[in-house]
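Colleague: I'd like to ask you about the structure that follows.
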Amino acid sequence: MRLTAIAVLLTALLALAAPCAAEEPSADGRTVISADVLEKRGRIILGWGSVTVESDGTTLKAGSLSYDTATGEVVAADGVSFEDEGARVTASKAHINLRTETGVLEEAEILFKKEGYRVSGERIEKTGPGLYRLDRGSLTTCPGPLPDWCVRARDVELAAGDKVTSRDATFRVRGLPVLYTPYFRASLDTERKTGFLMPTLGYSDRKGFNMGLPFFWAISENRDATFLVDAYTRRGVGFGAEYRYVESPDIWGSASFYHIRDTELHRSFDKVTAEHTHRWKALRGFLDINYVTEKDFYRDYEPDNEDSSRRFLESQAEASVRAGHLKLFADARYLRELDDNEDQGAVAQKLPEGGLFLSPLGLGPAVLTAEFTAADFERDVGADGQRFDWRLALGNSIGRGPTFSQELALGLTHYELDGLPPGEEGSFSRSSLGYSAAVRTSLGRRFGEVEHIVMPALFYAYRQMEDRAVPLLDFRELATDVSEAGVELFNRLRDSRGEFLTLRVRQAYGFLAEDNDFKPLELDLRFDRVLSLALSLDYDWNARRVEESASEASVSFGRVRIGAGHTYERGGVTMYRANVALEATRSLTLTTAAWYNPEGGDLERLRLGAVYRTSCWGLAVEFTRRPEENIVFLRLSLKGLGDISL
């Protein structure tokens, strides 16, 4: 509170001796003091009846007031109120020293405007600038004499704009106690503060009850860490930590680990992640580590993590340096097999790879690009060893309206492999020859507010690989012979609000004996106006079937939003998904989402939820059904205190 401002205001009372309203210029502006009766008795200024002190947006009101000009002591009673930019205070009586900003407020309530907190108690002791202490009191961010929620506690210590701590705290809903904690702490500031975060509680029919207690450490302005103790009644106790840092715009990263010894499965689950990016002039480097000791870690402990749907969990480290058109790099990759039916030892790990790239270099009308890479592959099952790649490409482009571009590419790959079947040679080479050409142009026309842009292209691609069986090490071994020509048409529609439709259609025809026919039609559609739609598919004209497809659509009708989508891959997994959100009232939203696999004939996942929000609190209830687990989740969000997850 700006109590020093009150001192300046009340000092102006020294000149007043008659019962009246008065105006006195102060050191920092114009001051207005009024009361039904004003009287001076030596160094004491007295006021009765609607006492008001105003200056520079600060207002103090009381039924009666006494001010000691020598000590700065103020005693105000009969409906005391004070307001400034930061806080609003009401009390039945206030005994405050304006110079030391200490004193006592009786039957008082303090509203901190920026943070939205209301603190009240029968006796609030002010121990310094912005510091308060209550023997017993309550804290809430809800309005009204009976707030929707509050925390009542004893030995409350509060630092404005910083934090509040207390003992023997009870969380109350409409005055009824529902939760007790021997110690309570909350931040009163949006800045990062060291301390315990809200605990998390949960229940699963596989893991039992769960409680997590996180601790946040604000190490410095650019570094922090979070530590976690995570206990499951049926699985044991887990421990985790995460460290984050930003050293400069060119250096940042994070590292984390989690460990739990599963007492039911008698296995240890560990997860390690790390990210680091470092840039300095022409040097670039990054590290991305993602590793779990058990393949089913995500299924058991992080089922909603996006990594849980991947076949491999990849870790990578790379460093590079540029000098003109040259780039020298070193790279290492490690893949963690997540499929229970596959052998981790059969995965070829690239440890490491190095190479040299020559970015496009103009040679008269032509452009030259080149690369050389050398990689070492390691695995326990199957062929491994070294691979050396040389690739050279020469291309050019002519035309400013319609353009014609072409490229000729030569390649040579040499292998030094071990672990091959008996009789197969481990040292061999394979060459490749490629050529591509395309004619492209762009046409546009405006129809009122809508502009239509069409970009057609004709293309031809040829690649011949030396016929030789090669063990699969990574994507380079997947390259096959190609001879195809086709057409591609790219459409764009945009208006004053931006681009709202794109459509790409690509059709090729194969000339090789084994695929002398039309290739699958490729289509990609994006539309975003009243209906949001994304669609992609590959259609095989010969077999008259869709090879791959994916879609996502959503539309809103008043308070209802409906979404649906699917993914399909022939020979793979088909998945349908749908979701509905209903804004039942301004405060209540109901949601449902389902994932269905027609091959299994059952729901892969069903989620039902309800979210209720008010101005000072919110409640989210969610039920998730999976084939191997049912989870009930409740999250209580208290404005100003964060989330309590049950």
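Colleague: Considering only the range 601-616, state which residues are out of contact with any Pro (no Cβ under 8 Å at 6 or more places or on another chain) and more than 19 Å from Ile562 (Cα to Cα).
Modeller: Hits for the range 601-616 are Gly601, Tyr612, Arg613, Thr614.
Colleague: Another one. Here are Arg118, Arg154, Arg133: which of them is of a type in the set (Lys, Arg), under 36 Å from the mean Cα position of the chain (by Cα) and under 27 Å from Ser637 (Cα atoms)? Walk me through how you get there before you give the answer.
Modeller: On the way: Arg154 fails: under 36 Å from the mean Cα position of the chain (by Cα); Arg133 fails: under 36 Å from the mean Cα position of the chain (by Cα).
Among Arg118, Arg154, Arg133, only Arg118 is of a type in the set (Lys, Arg), under 36 Å from the mean Cα position of the chain (by Cα) and under 27 Å from Ser637 (Cα atoms).
Each row is one residue, and each column tells you yes or no for (1) in a strand (DSSP E or B); (2) modelled with pLDDT of 95 or more; (3) buried (at least 16 other Cβ atoms within 10 Å of the Cβ).
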residue: Glu294; (1), (2), (3): no, no, yes
residue: Arg299; (1), (2), (3): no, no, yes
residue: Asp307; (1), (2), (3): no, no, yes
residue: Leu313; (1), (2), (3): yes, no, yes
residue: Val321; (1), (2), (3): yes, yes, no
residue: Ala330; (1), (2), (3): yes, yes, no
residue: Arg336; (1), (2), (3): yes, no, yes
residue: Asp339; (1), (2), (3): no, no, no
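Colleague: Would you mind stating whether Arg88 is within 55 Å of the chain's Cα centre (by Cα), open to solvent by 50 Å² or more (accessible area, probe 1.4 Å) and at pLDDT below 75?
Modeller: Values: within 55 Å of the chain's Cα centre (by Cα): yes; open to solvent by 50 Å² or more (accessible area, probe 1.4 Å): yes; at pLDDT below 75: no.
Answer is no for this residue.
Colleague: How many residues, within the range 542-561, are out of contact with any Phe, Trp or Tyr (no Cβ under 8 Å at 6 or more places or on another chain), assigned to a strand (DSSP E or B) and open to solvent by less than 70 Å² (accessible area, probe 1.4 Å)?
Modeller: To start, the set of residues in the range 542-561 that are out of contact with any Phe, Trp or Tyr (no Cβ under 8 Å at 6 or more places or on another chain) comprises 543-544, 551-561.
Of the ones still in play, those that are also assigned to a strand (DSSP E or B) are 551-557, 560-561.
With the extra rule that they be open to solvent by less than 70 Å² (accessible area, probe 1.4 Å), the set shrinks to 551, 553-556, 560.
So the count comes out to 6.
Colleague: Here's a check for you: in the range 179-190, which residue that is open to solvent by 50 Å² or more (accessible area, probe 1.4 Å) and over 23 Å from Gly130 (Cα atoms) is modelled with the lowest pLDDT?
Modeller: Applying the filter and picking the extreme gives Leu179.
Colleague: Same structure, new question: In the range 562-574, which residues are loosely packed, with under 14 Cβ neighbours inside 10 Å and free of Cβ contacts under 8 Å to residues at least 24 places away in the same chain? It would help to see each step written out before you state the result.
Modeller: Taking the range 562-574 first, the residues loosely packed, with under 14 Cβ neighbours inside 10 Å are 570-573.
Passing the criteria: Gly571, Gly572.
The values are calculated or read from the model by the stated rules, or taken from the named source; none is laboratory data. Note that the coordinates shown come from a computational prediction; the quantities given were computed from them, not determined experimentally. Note: ideal-geometry Cβ built from the backbone for every residue, glycine included; neighbour counts use all protein chains shown. Ligands, DNA and RNA are excluded from the accessible area calculation, which covers all protein heavy atoms including side chains. Shrake-Rupley method; radii C 1.70, N 1.55, O 1.52, S 1.80 Å.
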